[in-house]
Amino acid sequence: MGGLRRWHRRPELEFSDGVTEETHRRVERVTRNLTGVTVTDSSDDAVQVRSLLDVEEVSITQSVRQLQFAALSAHREATAALTAATLEAPSGQGDSTDRIAAMVDHYVQRGLDSLSVMDALGLTRPALFDRWVTARELARVVDHADRIATTADRLDDPVDAALAADVDDLADRSRDLVRESVGVVLEDAGDTAAARRCLDDRDELVADIRAFDRRLYETDAADYRLTHAVDALRRTTESAGTVAEVGLQSLLRERCSSASVAVGQALGTVGVVPLLPA
């Protein structure tokens, strides 16, 4: 039997029958599945764990960047497994991306519910929401990568070299678009031209992916299961477009807010001219 001896930033789990090696392993196994929690100390009858996610130490923006890196790495590995000359399984990034996405979701929810938490995070509510949407779409990119990896695992033979080159090109473009779209949201000096360029690139890439999908359908030698991976590339591209749309809306919102402030300052400087009676 075990109990919680005290709860704060370093909760301590007490075990009346003592802490065995098996008990310690079980606690470590559980904490590995929790976001930002680790075992810090143990004694004969208790195990101390610690949360590493104090709100003052959390950077939502940096966490989204880490999620982007992990998502694109998973996507790159899955595509490489699909188009390799010899069939091989990707190493996978699922656990890492799940933990980061869960942490972002946790603190966004706390920030939206509490002004003090939002202040500690150093973001406005709109900025916090933008990052939450971005993290959600990056998590979907991981799902699309998993679908590509599953397709690679189910193929009986390597993909034809010419088709593989086309898949690699489309996948590279989709990942570049994800990277650029996330930059529109996270960069301090993002510009509307970059956001609109991402949306134009999204439309062009989706059209190219659909054209490639039609060509696959007409190619007798192509494995029909390859279309599942191509659909995952289209969805990756659409996730990037969603992020770019969020970034564009944010930039337009900031521009309107700045214009309103400028108008208010101008009116305050000029003053109101009273109307004199005729």
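Every read-out reported here was derived from the displayed coordinates using simple, explicitly stated rules and does not represent laboratory data. Note that the coordinates shown come from a computational prediction; the quantities given were computed from them, not determined experimentally. Please note: Cβ atoms are built from the backbone with ideal geometry, for glycine as well, and neighbour counts cover all protein chains shown.
Just name one of Leu186, Val206, Leu226: the one whose Cα is farthest towards the positive end of the charge dipole of region 169-228 (beta-carbon charges, Lys/Arg +1, Asp/Glu -1).
Leu226
Expected output is a single nm value to one decimal: the length gained when fully extending between Asp172 and Arg210, i.e. 0.36 nm times separation in residues minus the C-alpha distance. What is it?
12.1 nm
Identify the chymotrypsin sites (Phe, Trp or Tyr not before Pro) of region 158-230 meeting these criteria: DSSP loop state and at most 10 other C-beta atoms within 10 Å of the C-beta.
Tyr224
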